[in-house]
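Working notes for the structure below.
The values are calculated or read from the model by the stated rules, or taken from the named source; none is laboratory data. Being a predicted model, the structure only gives us computed values, none of them experimental. A quick note on method: Cβ atoms are made from the backbone with ideal geometry, for glycine too, and the neighbour counts reach across all protein chains shown. Calculation scope for accessible area: heavy atoms of the full protein, side chains included, ligands and nucleic acids excluded. Shrake-Rupley method; radii C 1.70, N 1.55, O 1.52, S 1.80 Å.
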Amino acid sequence: MPDSPAPRSAVTALKGKTLFITGASRGIGLAIAMRAAREGANIVIAAKTAEPNAKLPGTIHSAASAIEAAGGNALPLQVDIRFEDQVRDAVEQSVERFGGIDILVNNASAISLTGTAQTPMKRFDLMMGVNLRGTFLCSQACLPHLSKAPNPHILTLSPPLNMKASWFAPHVAYTMAKYGMSMCVLGMAEEFRPLGIAVNALWPRTIISTAALQVIPGAEAERGRTPQIVAEAAARILSRHSHATTGNFFLDDEVLAQEGITDLSSYAVTPGVPLISDFFLD
């Protein structure tokens, strides 16, 4: 069963905290950054996009401007999390700028909903490199600093583990890559428990309207929710006491229900339209 929320406010719990967020230049990563920024958090934007792209809006610099306008402090760093030197350098710069790291959000992810024969090995390597290797590497690199933080958290955007063949057959490579992130959560939660570092996963109940949705054939963004629901759930998780909140595979709406938030209509892209469940949820 999910943990009960700790008796602390989510209004200012992130003030002054330093969040290292991968893939924070757009989508869910940026939404989490903005939600924390409104509380006065320090945000490290660890993402690849430094120059504007016509197909994918948002850069580390536009994200930094938005974060600072919302009341946070931003450090935009161009980082490809597949490469160890880039990640470790980004962690060093973050600690130099903000004095430490309180929270790691493993958000960056690559997707390709293709069958085995249709998945080029270059794409396979990208998904494994970003999703699995990137999550492991960022967790490892931030570990020494998280261990010194008063309420340290690692939050990974990955689904509950579900070993049904139906979730593998259509896109074996992608499922393995995402479940690799979830396996990091499963193992690290127990490994880091003695250090008091919370390690949890968060996944949306419904599809989320982001740029990533554009690569999914037939995806109906109008039947999804906005990234802000995931961001609000993330903020609530990260505001809980790390010793009492670890090893969970949270769903966004369940987290908000635990906090007494049951009217989710404001998060619907199109109010009143039936919602579509996200991947990996029966």
>> Suppose every Lys and Arg Cβ carries +1 and every Asp and Glu Cβ carries -1, with no other charges. What dipole size does segment 91-242 come out with about its Cα centre, to the nearest 20 debye?
In response: 240
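Would you please name the trypsin sites (Lys or Arg not before Pro) within segment 84-160 that are DSSP coil residues with at most 16 other C-beta atoms within 10 Å of their C-beta? If you can, show how the numbers build up before the last one.
Working: sites: 88, 97, 122, 123, 133, 148; in loops: 148.
Those satisfying the criteria are 148.
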> Setting aside same-chain residues fewer than 8 positions from residue 15, which lysines have a Cα under 24 Å from its Cα?
Replying inline: 148
> Setting aside same-chain residues fewer than 8 positions from residue 48, which lysines have a Cα under 19 Å from its Cα?
Replying inline: 122
> Across the Cα atoms of segment 105-150, what radius of gyration and what greatest pairwise Cα-Cα distance (Dmax) are found, in Å?
Replying inline: 14.3, 48
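Run the numbers for residue 51 and residue 169: contour at 0.36 nm per residue of separation, minus the present Cα-Cα distance, in nm.
38.8 nm
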> Which is the longest stretch in the chain that no exposed loop site breaks, taking sites as chymotrypsin sites (Phe, Trp or Tyr not before Pro) with a DSSP loop state and at most 16 other Cβ atoms within 10 Å?
Replying inline: 169-282
> In segment 82-137, what percent of the accessible surface is made up of carbon and sulfur (1.4 Å probe, ligands and nucleic acids excluded)?
Replying inline: 53
> How large is the accessible surface per residue of segment 71-175, computed with a 1.4 Å probe and reported in Å² as a whole number?
Replying inline: 45
> Percentage of Cα-Cα pair distances in segment 43-150 greater than 24 Å, rounded to whole percent?
Replying inline: 31
> What is the diffusion coefficient of the chain in µm²/s, taking the Kirkwood radius over Cα pairs and the Stokes-Einstein relation at 10 °C with a viscosity of 1.306 mPa s?
Replying inline: 85
> Between residue 195 and residue 220, what is the FRET efficiency for a Förster distance of 45 Å, r being their Cβ-Cβ separation, to the nearest 0.05?
Replying inline: 0.55
> Straight-line reach from residue 164: which aspartates and glutamates have Cα under 20 Å away, leaving out those fewer than 8 places along the same chain?
Replying inline: 278, 282
> How do 15, 48, 55 stack up against each other in accessible area, from largest to smallest, with a 1.4 angstrom probe?
Replying inline: 55, 15, 48
> Distances over 17 Å make up what percent of all Cα-Cα pairs in segment 158-264?
Replying inline: 61
> Which value at 222 nm does the chain reach when only helices count, each DSSP H run of 4 or more adding -39,500 (n - 2.57), with the total divided by all residues and rounded to the nearest 500 deg cm²/dmol?
Replying inline: -10500 deg cm²/dmol
> Mean shadow of segment 16-70, computed from the convex hull of its alpha carbons, in nm²?
Replying inline: 3.2
>> Using the basic label-point model (7 angstrom from Cα toward the beta carbon), what is the residue 244 to residue 266 distance in nanometres?
In response: 2.6
